[in-house]
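Notes follow the structure.
The values are calculated or read from the model by the stated rules, or taken from the named source; none is laboratory data. Since we're looking at a predicted model, the values are computed, not measured. Glycine gets a Cβ as well: all are built from the backbone with ideal geometry, and neighbour counts include every protein chain shown. All accessible areas refer to the heavy atoms of the entire protein, side chains included, with ligands and DNA or RNA removed. Shrake-Rupley method; radii C 1.70, N 1.55, O 1.52, S 1.80 Å.
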Amino acid sequence: MLTTYDVIIVGAGIFGITAAVELRQRQYKVAILDPGPIPAPLAASTDISKVVRMEYGADETYMSMVEESIAGWTQWNDAFGEKLYHNTGVTMLTRKPIEPGEFEYESYQLLRQRNHLPERLTADDIARRFPAWKPGAFVDGYFHAKGGYVESGRVVEVLLQHAQELGVTVYAGQTVQHVVLENGRIQGVQTVDGRIFKADNVLIAAGAWTPIILPELEPVMRATGHPVYHLKIGNSTLFKPPHFVVFTADITSSGWYGFPLHPKHDVIKIANHGVGQLLHPVHDKRVVSDADIRQLRRFLEETFPALKDATISYARRCLYCDTLDEHFWIDRHPEIEGLTVAAGGSGHGFKFAPILGKLIADALTGQANVWLPKFRWRDLGNETQGEEATRHHNK
Ligand SMILES: Cc1cc2nc3c(=O)[nH]c(=O)nc-3n(C[C@H](O)[C@H](O)[C@H](O)COP(=O)(O)OP(=O)(O)OC[C@H]3O[C@@H](n4cnc5c(N)ncnc54)[C@H](O)[C@@H]3O)c2cc1C
């Protein structure tokens, strides 16, 4: 006889795995399915690092969510006995003086309003404290000591093991094709091999693949590919904290951001948070073009001269599951009883890992949560604008 689970989770990225841990802690019988291996090499959650920043312009909801997330990351560092969150601080720098309405200005003001202590920087401060930056090229911005990065792929591994220890059943090697319904109610899922998994509740957390499983979401979320590079140089002393930390470089007009030298992988990761390229998660290749590389080299020359000729040891276009308004999508299906979706990470979801499980479990079980309304099931259309404050929107 088939086992019936309380909850089947489709997708073992950061949305799925944090939900699995939380739901198991609430005593539900949980299984998680993924094509595997986990962490999945093509998942958004994989890769060596993700930025953790409080800065979201004037958006106080996200800032308050990151405040709680950072407390959670610190707790996880202790609980798992491994440094997964590196509190290097962040630099958010600009080529021109910052002005009201701009991401850096609004973030700086909101940080102060909420009693954080960002340190405003002049061109001289930048040259003195962060010598890898081309002298005089960046003239304003700030350093904020709270924030940094997490070792994202490793976080998924650690949480997967934790979930298994708590009693979550993990099925790697299972690709879900569709949900199984009867009289408008969830019965479970069916895999591409025709195998049925039964459950009272199904959570679809399949990142960029979500609309393939639930095509009705195609109009509101899509996969976009964004360039990511790992750089190697002979002498990397200039690129270590505290002299080089997580940074954004005029991000809303350039998209560029990056990380200090990775302590385990010995590379400097630089990526672009822009509009990206529409790509199909199954059929399209995730490669960067010669034009992409030329843009990277130009940025490096204008910003970090010592990286100008650095060897690119890894490059790919990595897929966001982008909602049209760039806010996450965490809610129960409005018509299908027992079906919940947690997706739409939109290039900024990983930092919230310590609070994601609770958010998703609250949505699935119908409990109130002050942050959930922002991520509700909603109507989005051609006129919808992306609202994530750091993103370069090509305007
Ligand atoms: C290039 C890049 C840079 C980013 N940088 C940052 C950052 O600096 N800071 C930050 O906070 N966030 C960042 N993000 C966003 C963050 O990584 C995502 O929001 C988050 O990882 C999304 O997690 P997820 O679980 O929704 O999706 P994913 O991690 O993509 O996981 C989806 C899972 O579903 C599985 N799956 C797919 N199809 C099926 C199927 N049919 N059946 C079963 N399982 C399936 C996949 O194998 C995968 O394991 C970045 C994202 C990208 C791509």
task = May I ask you to list the residues in segment 143-156 that are over 25 Å from P211 (Cα atoms) and touching a residue at least 60 places away in the same chain (Cβ under 8 Å)?
result = F143, H144, K146, G147, G148, Y149, V150, E151, R154, V155
key: Close pairs from segment 280-297: first within 13 Å of the ligand (Cβ to nearest atom), partner open to solvent by 70 Å² or more (accessible area, probe 1.4 Å), Cβ under 6 Å, at least 6 apart   = P281/W209
key: Residues that are basic (K, R) and not in a loop (DSSP other than H, G, I, E, B), drawn from segment 224-250   = K232
inquiry  = Within segment 143-171, take every residue that is within 14 Å of V51 (Cα to Cα) and more than 17 Å from the chain's Cα centre (by Cα) and give me the one that is least open to solvent (accessible area, probe 1.4 Å).
reply    = H144
note = Conditions (1) in contact with a Lys or Arg (Cβ under 6 Å, 6 or more places away or on another chain); (2) open to solvent by 30 Å² or more (accessible area, probe 1.4 Å) -> W377 fails only (1)
key: Residue check for R154: among the charged types (D, E, K, R) and either within 15 Å of the ligand (Cβ to nearest atom) or more than 25 Å from A249 (Cβ to Cβ) (or both)   = yes
query = Any idea which residue in segment 203-223 is nearest to the ligand (Cβ to nearest atom), counting only those that are in a helix (DSSP H, G or I) and touching a helix residue (DSSP H, G or I) at 6+ places or on another chain (Cβ under 9 Å)?
reply = G207
key: Residue identified as away from the ligand (no atom under 13 Å from the Cβ), outside any strand (DSSP E or B) and at positive phi among G36, G81   = G81
request  = With the checklist (1) within 15 Å of the ligand (Cβ to nearest atom); (2) closer than 16 Å to I204 by Cα; (3) surrounded by fewer than 21 Cβ atoms within 10 Å (Cβ to Cβ) in hand, flag the one item D59 doesn't pass.
outcome  = (2)
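Take segment 339-357 and flag every residue that is of a type in the set (G, A, S) and either near the ligand (Cβ under 10 Å from one of its atoms) or touching a strand residue (DSSP E or B) at 6+ places or on another chain (Cβ under 6 Å) (or both).
Going through segment 339-357, the residues of a type in the set (G, A, S) turn out to be 342-347, 349, 353, 357.
Listed by number, the residues that qualify are A342, A343, G344, G345, S346, G347, G349, A353.
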key: Looking only at segment 39-56, and only at residues there that are in contact with a strand residue (DSSP E or B) (Cβ under 7 Å, 6 or more places away or on another chain) and β-branched (V, I, T), the one that is farthest from the ligand (Cβ to nearest atom)   = I48
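Quickly run through segment 73-90 and pick out the residues that are of a type in the set (V, I, T) and within 17 Å of the chain's Cα centre (by Cα).
Here is the first cut: in segment 73-90, the ones of a type in the set (V, I, T) are 74, 88, 90.
V90 - this is the single residue of segment 73-90 that is of a type in the set (V, I, T) and within 17 Å of the chain's Cα centre (by Cα).
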Failed item in (1) touching a residue at least 12 places away in the same chain (Cβ under 8 Å); (2) in contact with an Asp or Glu (Cβ under 8 Å, 6 or more places away or on another chain); (3) aliphatic (A, V, I, L, M), with L356 passing the rest = (2)
